Structures are given as C-alpha cells and as structure tokens.
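The values are calculated or read from the model by the stated rules, or taken from the named source; none is laboratory data. Keep in mind the model is a prediction, meaning the values are calculated, not measured. We place every Cβ from the backbone using ideal geometry, glycine too, and count neighbours over all the protein chains shown. These area figures cover heavy atoms from the full protein model, side chains too; ligands, DNA and RNA do not enter into them. Shrake-Rupley method; radii C 1.70, N 1.55, O 1.52, S 1.80 Å.
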Amino acid sequence: MQSSSFSPNDHTTLPDHPGVYKYFNEEDELIYVGKAKSLKKRVGSYFNKSVGFNLKTRKMVKEIRRIEITLVNSEFDALLLENNLIKKSQPKYNILLRDDKTYPYLLLTKEHFPRIFPTRNLVPRKGTYYGPFASVKAMNNVLDLIRELFTVRTCNLDLSPYKIAEGKYKVCLEYHIGNCQAPCVGLQNEEDYMRDLEHAKHILKGNLGIAKAYFKQEMQALAEKLEFEKAHKLKEKLDLLEKYQAKSLVASPSINNLDVCTIVSDEKNAYVNYMRVKNGSLITSKNVELKKKLDESDEQLLLTALIRLQDQFQSDAEEVLLNIELTEAIEGLNVFMPKIGDKKKLIELSLKNALYYKKEKALLLGLNQDKKDRVIRQLQQDLTLPEIPDHIECFDNSNIQGTNPVASMVCFLNGKPAVKEYRHYHIKTVVGPDDFASMKEVVGRRYKRLLDEGKPMPKLVVIDGGKGQLSSAVEALKELGVYGKMPIIGIAKRLEEIYFPGDSYPIHIDKKSESLRLLQRIRDEAHRFAITFHRNVRSKNAFGTQLTAIPGIGKTTADALLSQFKSVKKISLASEEELAKVIGSRRAKALIEWRDKNKGA
C-alpha cells in the first residue's frame, strides 16, 4: 500500500484505482474516511456541483482542505482498511455503530497445561482469545460444556516441569470430584492434556462436528476392546455434545460456516442484525444501531456494519447472506441473497430480530418521551400553571466583588436544554454590584427583543434568586406590558423555596419530586453558563488591560487581537507576521518586544 496527499483542487489527478480516501479540515483534523473502487470517480463526485448531495454532505465538502489517499489491491481490501481507520480515529462524518458494551471472551492461556477462563480485557501476549460472546450466558454455556467434556484445570499454579518435579503441590478438590487429572503432581502428562485441549479448541471455534467424530471413534474403539464402562462415559459426553448442538440448531446441519446480516432503516437510523452459523447452529447473534450521517443508502450502511461486526467477532465465514442485493459485486466478499430454502429461512430469522430491535428502540424512545412529558406535566400540576411548561427560560447574574457583571439565560424545550437558544448578557445600565437592577435589565432586554421580533414567549420564567430578584424581574415585565401573560417564579438556593410574585410565603415541592429536580437542573445550568461567561470576560479584560499598557496599543487594538486569536494563549504563540496582519507592523513589533521582555515574568 502507498499513501499520497492532495489538495481538493487536484482531485482530477487522482488515480482510477481501488483505495481509501481521507478528508482533513483546516485544523488538519480527520473528518471523513471512505473507500472506493475508483478513487478518481468517487472523490471527484464530491466536488461535482451538479451532484445532488444533502446539506450535511455539502457542509462536509466545504470543510475539506486536504485529501490523503491509500492505494490497495481490491475493493474488499479498501473495505477492511476503511473499517480499521474509522475504528481508530472515529471521524465526525463517518457512521458509528452505537454499541458501548465490553464483550466477554474466553482466553486460552500460553503456558504449560493451558487454562481456559473468561475475561473482558484483551492482552494478546497472554494467549488466544475466543469470542467475543454476545452475552455472559452464552459464554458460560460453552465454558460449562468444555469443562464437562474435558478435564481442563481451573487453578492458577505454575505447572512448569521443574515446578512439578519439586513436589510442592498437592491434589485439590477438583481432582477428587473428577474434574481434573492432577497434572500438578504428575498424574497427567502434558501430551494427553493437550490432546483434550485440541478438541476443546474446535468447540470454542464452533466446530462441534470434529469433537463429535472424535468421541464416536474413541467410543467404538473402547467397545471393540470390551471396555464398556469407559465407552459408556464417552457415550454420555457424546449425548451432552449433541444435546448442546440441538439447542442451538436453527437450520440444516449441512449449512456450515456462514454469516447472516440484515438491515431495516428509517429516516435517521438503521438497525442491523448479524448472525454467525456453523453446522446449522447459531453461535452468535448481535443487533446494532447506526445513525445516518450523510444520508447513506441501506447498502452502504449494511456493508459498514458487516465488515465491523465480522472484525469484532473474528469471523472466518466462507459466505455471507444478505437481505438486500448489492448494486455491484465486491471482489473478495462472497455475498448471496437467497430466495428459497434453509438459507432463506435464516434471512427471515435475522430480519425478524432486526425488526424487533427497531421496534424495541422506538418503544424506548417513546418511553423516554413519555417521561419528559410526565415531568413537565408534574411541574404544571405542582405550580398550578395554566399551560404545560414545554418552554422554560431561566436567568442568573454573575459578578465577583462587583467586577465584570454579566448575566445568562438558558432555555429548556420539552424538558431538554435547547443550547442554541442560550444567551449571554453584558450588564450595560447598572453601575456597581446591584443584582436586583441587573436582573431587571436582562429580563427587560430579553423580552423586549422577543416582542420586537414577534417570537413566542416562554410558558414559564425562572429567576435564580429569592423575592428581591423576582420583584426586579416582575418590574421589567410590567414595563413591557407582558406581566401576567406568562408565569414567573423565583427559586432560592438555600432551601429550594419557590416564590411567586406578590406572595410572601414560598411553596415547597417534594424533595424527591422529578419536577423539582428539573427546576434544579435548569437553575444549575443557568448558573454554570453565567459563571463560565464571567470567567471568560474577566480573563479577556485582565489581558486586555495588560495589552493596553504597551505603548502604541489601545483598547481597539486589544479587542482586535482577542477577536482574531480568540484566546490569550494563541496571542502569546502568534508570530510577528501573524500579528502584523491584524494590527500592523509597528504595533506587532511593539507587542513582540514586550512579550519577549516579560517572558517568564
């Protein structure tokens, strides 16, 4: 494989060859990874203005500043490389599987007389990992089966030959109840132990047929020697193995080593079911949800999910069954859409799981929505409001010892933060630390603006503070002529008391009530937003004062620097040329000299 870098203007020079392309933004951050059968055609399509991409795709294209490509031998190799890059970097415009679980594995250790035990931590040097298993129950079923069929040790002793020869170990209970043959005291040699372990490996891989054939062969050999008691024990193990296989049988045993992957989708999400089948037995079943980022097709989503799930579950499937046809065959990926027979039944079973998963997600979303509705309905009841408070706005002031007074307003819609509606306010008309007058100013400014723009008023206004702040906010509403048209309350921090205008006595909502927790969350969010803004203003003003102390630099120049570089750190790291573009050569030189002189001070 070879990698090259291009600018977006050079996309016409890309090779007509399979590969992976990476898009980087102005900060050289990886924002998208894609694969292509022809890099020239695929990448070129993003910059062809006649192509009808959606808004998200057009937004992504505007951000592209650099393109990096990697050539591979086939489209299937491109799919694998794309998967690895997305998994590693998680670019913001790529599809991500919604799955935050840590799956269990069975570890076959690298040591004398290897052990098999469950783990969720993958450390390759420790041994061979089998899985991941979709559930702990599925993993335990396999582990219990192996321990009933074979005498695999469960202790963590060091069974190096010289350790066993020292004779310091004693047999344990597992030996006495027949679960171990005591290799720790030399009663079983490593060759016999490893013979059993080889068959255990086949079971871990889902190849039950090999283990069954071994037990049948050994049982017949013992019967011919007239060792019927030993033959009967093997018969019991064979029955156990066949019983286990019968439980997981979903198709004809002749169907061997294939994956099944099906998809159903809606406008925003896709739901995929993935199954692994060996000897007709279902050994893995997994549902995942994918959120559409750039209006991807079901084919794109299904291929993305398939490659990632095969990688995650270490699949070696010879064939993959899908419920949709691919527009083009992918060399190296053997996919098939069956129309009849057992394979068609497997597709139907997988699709049933995908549809159920979609329905389950929709139900959960509905329950969450019901909970939100329940909370704001409870708030309506607790405060005896005329309407459901599905639009709440909360105000808070912030100043420290009277410096840099600011205020904030946060907005919650249907019980959730509407961050785009949050507002910051510099206090303009109040001199000194006067919380009451500051509250009156910002409430008046907010609702005068809404009236002028003809926008809807909130269903509830919350003032962070007691009766004094609430009275000041009420004065602002009265001056605007909107008092009484929307409910307004104050919430005092100390005892979480709720005050209504004109009422000397507060009301108390049950401390365990969801509606009080919602009010507390809104109040805390307004406080956090105000404090953060105040900290930023204080920092900028402090640095601005330092800047204006430099000969030749006044407030306008300081504001221009802060506007361009956004932070003190970036100004301190800027070169003289970068500074000169904003404030001119003379002032830039003065700033550099001052900065060098005061470095480390």
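Kindly give the semi-axes, whole Å and largest first, of the ellipsoid equivalent to the chain, taking each as the square root of 5 times a Cα gyration tensor eigenvalue. Before the final figure, lay out each step's value.
Values: eigenvalues 782, 236, 166 Å².
Semi-axes, largest first: 63, 34, 29 Å.
Hey, what did the chain get for relative contact order, percent, Cα under 8 Å, at least 6 apart? Before the final figure, lay out each step's value.
Numbers: 920 pairs, mean separation 45.7, N = 601.
Relative contact order here is 8 percent.
Full extension from Ala560 to Lys428: what is 0.36 nm times the residue separation minus their Cα-Cα distance, to one decimal in nm?
Values: separation 132, 0.36 × 132 = 47.52 nm, distance 2.10 nm.
Taking Ala560 through Lys428 to full extension adds about 45.4 nm, to one decimal.
To the nearest 10 square angstrom, how much accessible area does His508 have with a 1.4 angstrom probe?
Here the residue's solvent-accessible area equals roughly 110 Å².
What full-extension length gain, to one decimal in nm, is calculated for Val61 and Glu242 as 0.36 nm per residue of separation minus the Cα-Cα distance?
Numbers: separation 181, 0.36 × 181 = 65.16 nm, distance 5.67 nm.
59.5 nm is the gain from fully extending Val61 to Glu242.
Might you work out the accessible area of Asp316 for me, using a 1.4 Å probe with all protein chains in place, and round it to the nearest 10 Å²?
90
For Lys216, go through the aspartates and glutamates and keep the ones whose alpha-carbon is under 20 Å away, minus same-chain ones fewer than eight residues off.
Lys216 reaches Glu148, Asp192, Asp196, Glu198, Glu224, Glu227, Glu229, Glu236, Asp239, Glu242.
Compute the long axis of helix 190-204 from its Cα atoms, compare it with the longest principal axis of the Cα atoms of the chain, and write down the angle in degrees, 0 to 90, nearest 10.
60
Given a 1.4 angstrom probe, I'd like the percentage of the accessible area of the chain that is carbon and sulfur, rounded to a whole number. List each step's numbers first, then the result.
Numbers: 16710 of 32980 Å².
For the chain, the apolar C and S fraction of the accessible surface comes to 51 percent.
Go through Leu85, Leu226 and list them by solvent-accessible area, largest first, probe radius 1.4 Å.
Largest accessible area first, the list is Leu226, Leu85.
Divide by every residue of the chain the summed helix terms, -39500 (n - 2.57) for each DSSP H run of at least 4, and state the resulting mean residue ellipticity at 222 nm, rounded to the nearest 500 deg cm²/dmol.
Working: 18 runs with 271 residues, N = 601.
So the helix-based figure for the chain works out to -15000 deg cm²/dmol.
Starting from the residue with the highest accessible area, list Leu145, Leu80 in decreasing order, probe 1.4 Å. Mind showing how you got there, number by number?
Details: Leu145 10, Leu80 70 Å².
Reading off the accessible areas and sorting them downward yields Leu80, Leu145.
For helix 585-597, what angle does its Cα long axis make with the longest principal axis of the chain, in degrees from 0 to 90 and rounded to 10?
70
Over the alpha carbons of the stretch 265-391, what is the largest minus smallest coordinate on each principal axis, giving the biggest first in Å?
65, 32, 28
On the first, second and third principal axes, largest extent first, how far apart are the outermost C-alpha atoms of the stretch 50-93 in Å?
Over the stretch 50-93, Cα extents along the principal axes are 31, 24, 18 Å.
What do you reckon, how do Leu591, Leu355 stack up by accessible area (1.4 Å probe), largest on top? Show your work: numbers first, answer last.
Values: Leu591 5, Leu355 90 Å².
Heavy-atom accessible area, descending, gives Leu355, Leu591.
Please give the helix 555-565 orientation as an angle from the longest Cα principal axis of the chain, in degrees from 0 to 90, rounded to the nearest 10.
20
Run the simple label-point estimate for Asp192 and Val582 please: 7 Å along Cα→C-beta, distance reported in nm.
Computed distance between label sites Asp192 and Val582 equals 8.0 nm.
In nm, give the distance between the simple-model label positions of Asp452 and Phe336, each being 7 Å from the Cα along the Cα-to-Cβ direction.
Taking the simple label geometry, Asp452 and Phe336 are separated by 7.1 nm.
Under Stokes-Einstein, with the Kirkwood radius over Cα pairs standing in for Rh, what whole-number D in µm²/s applies to the stretch 39-195 at 37 °C and 0.692 mPa s?
On the way: Rh = 20.8 Å.
Answer from the Stokes-Einstein relation: 158 µm²/s.
Is the shape of the stretch 120-267 best called rounded, prolate or oblate, per the rule: a/c under 1.5 gives rounded, else a/b larger than b/c gives prolate, else oblate, with a ≥ b ≥ c the square roots of the Cα gyration tensor eigenvalues? All intermediate terms of the calculation are to be shown ahead of the outcome.
Details: a/c = 2.58, a/b = 1.35, b/c = 1.91.
Oblate.
Given a Förster distance of 22 angstrom, what is the FRET efficiency for His508 paired with Lys416, based on the Cβ-Cβ distance and rounded to 0.05? Write down the numbers at each step before the final one.
Numbers: r = 26 Å, r/R0 = 1.16.
It comes out at approximately 0.30.
Probe 1.4 Å, all protein chains in place: accessible area of Ile392 in Å², nearest 10?
Number for this one is 0 Å².
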